[in-house]
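Trainee: One structure, pasted below without further comment.
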Protein chains: 2
Amino acid sequence: MKDEFVVIPKATISRLPLYFRVLSELDHVGVPIVSSEEMAAKIGITSSQLRKDLSYFGGLGIRGTGYDVSYLLAKIKEILGMNHHRHLAIIGAGKLGTALAGYGGFLQHNLEVKALFDIDEAKIGWKLGEIEVYHISELKPRKEELKLDIATITVPAAAAQQVTKAAVEAGFKAIWNFAPVRLEVPEDVHVRNEDLVVGVLTLSHHLSRKNQ
Amino acid sequence: MKDEFVVIPKATISRLPLYFRVLSELDHVGVPIVSSEEMAAKIGITSSQLRKDLSYFGGLGIRGTGYDVSYLLAKIKEILGMNHHRHLAIIGAGKLGTALAGYGGFLQHNLEVKALFDIDEAKIGWKLGEIEVYHISELKPRKEELKLDIATITVPAAAAQQVTKAAVEAGFKAIWNFAPVRLEVPEDVHVRNEDLVVGVLTLSHHLSRKNQ
């Protein structure tokens, strides 16, 4: 018999990383309880929206007191799949790809880069610590051998769609895209677009305000 | 006499990059008009929240028709300060720093990397195209000479707070932080934390759902 499974709206899921970030910060500085108003203000949504989001995960709030930070953090980690160990493939062993491969922040979140792929013959066989660079034609066998879950796209924009097609054909159902293009994928494949420019634009706004 | 200036809530500002992304996509594929419901669904907020947000920028919607995509996009670019040309400094000329320095997506958004800084004497004087690596002790004079606006922190976590202190002392009012630590800054300095792990976690969630 299968467990009952509550369908969580996409919009709520999209806000979970924000909850995760805010709760991690609170937990890090040792705050045990947080009110819905305080959390909502940090995230930039209304407290009623926040309470509605969190209601999908069961009665986690205590009326008149607030939310238990470490319990809620653990719950959100679970929902985000952070209790599963995930293996990342990085396609594109250029500067960004190798920077990500060397990034120290993955392991604490149960994420691990297991392989790099490139088309440049000069790079095939390189090792960054334990991580080897394979030819992109080896995507499918290496995916099975190394149990790769997520394909990270760090190739130039012009090559991104072609590389994504190869990843989908190799069986990847999750694509983490750093190329500044929108990728076309089948319906059962999830794409997360990482747009580095968007982050810096909010800073630009604040600088404009200062110069008024 | 100064123009009248409407104070836009922080929460609304924090959503502007999401509006920017959605509108850019619509504009790119040639959609001229979008309803508040459609845009809200793409972003993951309620349409009433969206209409409230956009009301701060004047009457941009046409009742019963929707929003003019290219007009709204231009307005949001203006509010985000994208009509100002901004100069970035990158502190930390390692893999991530040099990857960002070589990133092609900045210029189309009026952003330009003008200088790299490091403490490693072996790197000082390096050139990545037009961009030179300076010693971090030169932050203040180079900030003035090159009119640097935003300090991008790509040093290891252990060095991030110290480097941020140097950037603040050099007069930077905007910090784009890639180090996985929370930085302490004076009240008039804005920090944008770029947490690369958060993005990939939503993919991990989708993989968990598939395996149910």
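The values are calculated or read from the model by the stated rules, or taken from the named source; none is laboratory data. Owing to the predicted nature of the structure, the values given are computational and were not obtained by experimental measurement. Virtual Cβ from ideal backbone geometry, glycine too; neighbours counted across all protein chains shown. Accessible surface areas use protein heavy atoms only, side chains included; no ligands, DNA or RNA. Shrake-Rupley method; radii C 1.70, N 1.55, O 1.52, S 1.80 Å.
Yes or no, residue by residue, for (1) under 24 Å from B:ASP27 (Cα atoms); (2) more than 8 Å from chain B (Cβ to nearest Cβ); (3) charged (D, E, K, R):
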site	(1), (2), (3)
A:VAL155	no, yes, no
A:THR164	yes, yes, no
A:ASN177	yes, yes, no
A:GLU184	yes, yes, yes
A:VAL191	yes, yes, no
A:ASP195	yes, no, yes
A:LEU203	yes, no, no
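Trainee: Hey, another quick one. Quick one: in region A:85-109, of everything that is modelled with pLDDT of 85 or more and not hydrophobic (A, V, I, L, M, F, W, C), which residue is farthest from A:VAL155 (Cα to Cα)?
Mentor: Here the answer is A:HIS85.
Trainee: Against the conditions (1) closer than 18 Å to A:VAL198 by Cβ; (2) open to solvent by 30 Å² or more (accessible area, probe 1.4 Å); (3) not basic (Lys, Arg), where does B:LEU201 fall short? Just the number, please.
Mentor: It fails just one condition, (2).
Trainee: When the residues of region B:22-34 are narrowed to those that are open to solvent by 40 Å² or more (accessible area, probe 1.4 Å) and under 11 Å from B:TYR67 (Cα atoms), which ends up farthest from the other protein chains (Cβ to nearest Cβ)?
Mentor: B:ILE33
Trainee: Restricting to region A:95-128, name every residue that is in contact (Cβ under 8 Å) with a residue 24 or more places away in the chain and out of contact with any strand residue (DSSP E or B) (no Cβ under 8 Å at 6 or more places or on another chain).
Mentor: A:LEU96, A:HIS109, A:ASP120
Trainee: Hey, another quick one. What number goes with the only condition from (1) at pLDDT below 85; (2) in contact with a strand residue (DSSP E or B) (Cβ under 7 Å, 6 or more places away or on another chain) that B:ILE33 does not pass?
Mentor: With (1) at pLDDT below 85; (2) in contact with a strand residue (DSSP E or B) (Cβ under 7 Å, 6 or more places away or on another chain) applied to B:ILE33, the lone miss is (1).
Trainee: For region B:47-69, how many residues are among the acidic types (Asp, Glu), assigned to a strand (DSSP E or B) and open to solvent by less than 30 Å² (accessible area, probe 1.4 Å)?
Mentor: The qualifying residues number 0.
Trainee: Follow-up question, since we're still on this one. If you go through region A:185-198 one residue at a time, how many are open to solvent by less than 30 Å² (accessible area, probe 1.4 Å) and closer than 14 Å to B:LEU18 by Cα?
Mentor: Counting residues in region A:185-198 that are open to solvent by less than 30 Å² (accessible area, probe 1.4 Å) and closer than 14 Å to B:LEU18 by Cα gives 4.
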